Amino acid sequence: MQPIKPHSDYTYKQEFAVQFTYPVHFTHGAFEINNPHLLSVITAGQTISHPKVLVFVDSGVAALVPQIESFFRACAATVQLVQPPYIIIGGEQAKNDSENWQRVMGVLADCKMDRQNYVIAVGGGSVLDMVGFVASVVHRGIRLIRMPTTVLAQNDAGIGVKNSMNALGAKNFIGTFTPPYAVINDAALLATLHEDDWRGGIAEAIKVALIKDLNFFDFIETHANELKARNLAVMEELVRRCAVLHLEHIRTQGDPFEYGSSRPLDFGHWSAHRLEVMSEYTLRHGQAVAIGIALDSCYALHKQLIVSAELQRVLRCLENCGLPVWHPLLEKKDAQGGYALLQGLEQFREHLGGRLCITLPAPLGRQTEVHAMDYNLIIAAINFLKSELK
Ligand SMILES: NC(=O)c1ccc[n+]([C@@H]2O[C@H](COP(=O)([O-])OP(=O)(O)OC[C@H]3O[C@@H](n4cnc5c(N)ncnc54)[C@H](O)[C@@H]3O)[C@@H](O)[C@H]2O)c1
Ligand SMILES: [Zn+2]
């Protein structure tokens, strides 16, 4: 018999990998009765007969409700819509107000949704982030089908693995990394967007093009006027190319859940997030990102990572797409007389943890990471940007 070793230490290495797979469909008229995508998504992974479906709809697309109801009436033999679609007031407020997610959680509880049932979130990035957050924590994760309805949500926010809420005065302070069950991008829904939301999503596409794909930047630059004039065919191409770059990034860069302190897709975002908070969210995310791209491109010029002609291309492309490159809050001073914007750098570092990591273009279409930002050069970049205004 083995003698018992008193007070011994043991360490076992537990290790396993989990494969995540989700389809991202691009279509038109996803709730038309003959459109196959939504039903095929539900039936493909169905584990029980007649699963429950609960739909949350952004108020910006509330007009879809009758169509959603007739869609589910038509497939009532396969799935059950457990209650009429639940409307959520769209926009950043959806993420700001903690009562929102508690309400959504209450609806899930009332409808006795379990892990084999489906939550469908139809809306902009804010509603998707909030409903996605709740779906990811109730019963430790209910199947979430995202149906993004803004440009930004279709090419960025709605196709990735993150969900979040704003809390304690900080953007995305709480959240989860939980991939969706499926994503369905319906281009037809973009037609009703407010001008600012139509243009805002273009900023995210410019961002990813500038650090990953110069051909894509050429495409946006060439079609800037059509994009501004709301050409849906051009926008569809922009959304799809941008979404594919995002999906590739998440799939191939080795850190889908952002365990490291680097977030290469967040070019222009340290100041964008700060400007959103400083403006009390009156500045939309996409417009804030456009200004953040302009500022960090000026900084990149000062750091000799790009040349003047490249900076001019960036600024003109943003402007030609109808995006801002300046906001007076860039110059706002805090109580100590410093630039209030600069607090955004530490907040950005804190959000990711570890050391500061900022992505800059070097040259256009490729990226570099820096781990310190020179405050004097940021201020010089702010002044330079102001001097560039027409
Ligand atoms: N989870 C992520 O990975 C991720 C990535 C990027 C951004 N985000 C988040 O996404 C949010 C921004 O999302 P957004 O830009 O989609 O804006 P949004 O969700 O705030 O919506 C903007 C406005 O558009 C309305 N709307 C939505 N779809 C519409 C349509 N088809 N027609 C008419 N009006 C419509 C909404 O009601 C709202 O008033 C931010 O909170 C940002 O932090 C998340
Ligand atoms: Zn963004």
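Each reported figure results from applying straightforward, stated rules to the coordinates on display, with no laboratory input. If you're wondering where the values come from, they're calculated on a predicted model, not measured in any experiment. Neighbour counts are summed over all protein chains in view; Cβ atoms, including those assigned to glycine, are modelled from backbone coordinates with ideal geometry.
Roughly what percent of Cα-Cα pairs across segment 4-154 reach past 19 Å?
Percent of Cα pairs beyond 19 Å in segment 4-154: 56.
Of all lysines in the structure, the ones whose alpha carbon falls short of 24 Å from that of residue 5, not counting any fewer than 8 places away in one chain, are 13.
Our estimate of slack between residue 112 and residue 380, defined as 0.36 nm per intervening residue step minus the Cα-Cα distance, is 90.8 nm. Fraction of C-alpha pairs exceeding 19 angstrom in segment 230-332: 56 percent, rounded to a whole number. A cut-off of 5 Å between modelled amide H atoms, ignoring neighbours fewer than 5 places along the same chain, links residue 143 with 117, 119.
Whole-percent P(r), segment 198-242, all Cα pairs, 5 Å bins from 0: 5, 26, 41, 22, 6, 0.
Highest average first, the peptides 106-119, 267-280 ordered by how many other beta carbon atoms sit within 10 Å of their residues are 267-280, 106-119. Peptides 356-365, 178-187 ordered by packing proxy, namely the average of other Cβ atoms within 10 Å per residue, highest first: 178-187, 356-365. Among residues other than residue 278 with Cβ under 13 Å from its Cβ, the summed charge is 0 (Lys and Arg +1, Asp and Glu -1).
Neighbour counts of other Cβ atoms within 10 Å put 72, 219 in the fewest-to-most order 219, 72. Each Lys and Arg Cβ is given +1 and each Asp and Glu Cβ -1; about its Cα centre, the chain then shows a dipole of about 540 debye.
Peptides 293-302, 318-327, 249-258 ranked from most to least packed, by the mean per-residue count of other Cβ atoms within 10 Å: 293-302, 318-327, 249-258.
A straight line joining the Cα centroids of segment 80-136 and segment 324-390 runs 35 Å. Here's the list of lysines a cross-link from residue 303 could span, going by alpha-carbon distance under 26 Å and ignoring same-chain residues fewer than 8 apart: 207, 212, 332, 333, 386, 390. Listed values for segment 342-355 are Karplus-derived 3J(HN,Hα) couplings in whole Hz (6.51 cos²θ - 1.76 cosθ + 1.60, θ = phi - 60°), namely 4, 4, x, 5, 5, 5, 5, 4, 4, 4, 8, x, x, 7, and x replaces Gly and Pro. Shape of segment 3-77 from the C-alpha gyration tensor: prolate (a/c of 1.5 or more and a/b above b/c, with a ≥ b ≥ c the square roots of its eigenvalues). Counting every pair of alpha carbons in segment 154-248, the share spaced more than 15 Å apart comes to 63 percent. Classify segment 28-112 from the C-alpha gyration tensor, please: rounded if a/c falls under 1.5, else prolate or oblate depending on whether a/b exceeds b/c. Verdict is oblate for segment 28-112. 3J(HN,Hα) along segment 102-114, derived from phi through the Karplus expression 6.51 cos²θ - 1.76 cosθ + 1.60 where θ = phi - 60°, amounts to 5, 5, 4, 4, x, 5, 4, 5, 4, 8, 6, 6, 10 Hz, with x in place of Gly and Pro. For residue 88, the residues whose modelled amide H falls within less than 5 Å of its own, excluding neighbours fewer than 5 places apart on the same chain, are 57, 58, 59. Net charge in the neighbourhood of residue 339 (other residues with Cβ under 9 Å of its Cβ; Lys, Arg +1, Asp, Glu -1) is 0. Note that segment 310-323 has calculated 3J(HN,Hα) couplings of 5, 4, 4, 4, 5, 5, 5, 5, 4, 5, 5, 7, x, 9 Hz, one per residue in order, obtained from phi through the Karplus relation 6.51 cos²θ - 1.76 cosθ + 1.60 (θ = phi - 60°); glycine and proline are x. Over the residues of the chain, the helix contribution to mean residue ellipticity at 222 nm works out to -13000 deg cm²/dmol, using -39500 (n - 2.57) for each DSSP H run of at least 4. Apply the a/c threshold of 1.5 to the C-alpha gyration tensor of the chain and tell me whether it is rounded, prolate or oblate. Taking the square roots of the gyration eigenvalues as a ≥ b ≥ c, the chain is oblate. Counted by Cβ distance under 13 Å from residue 195, the other residues give a net charge of +2, where Lys and Arg count +1 and Asp and Glu count -1.
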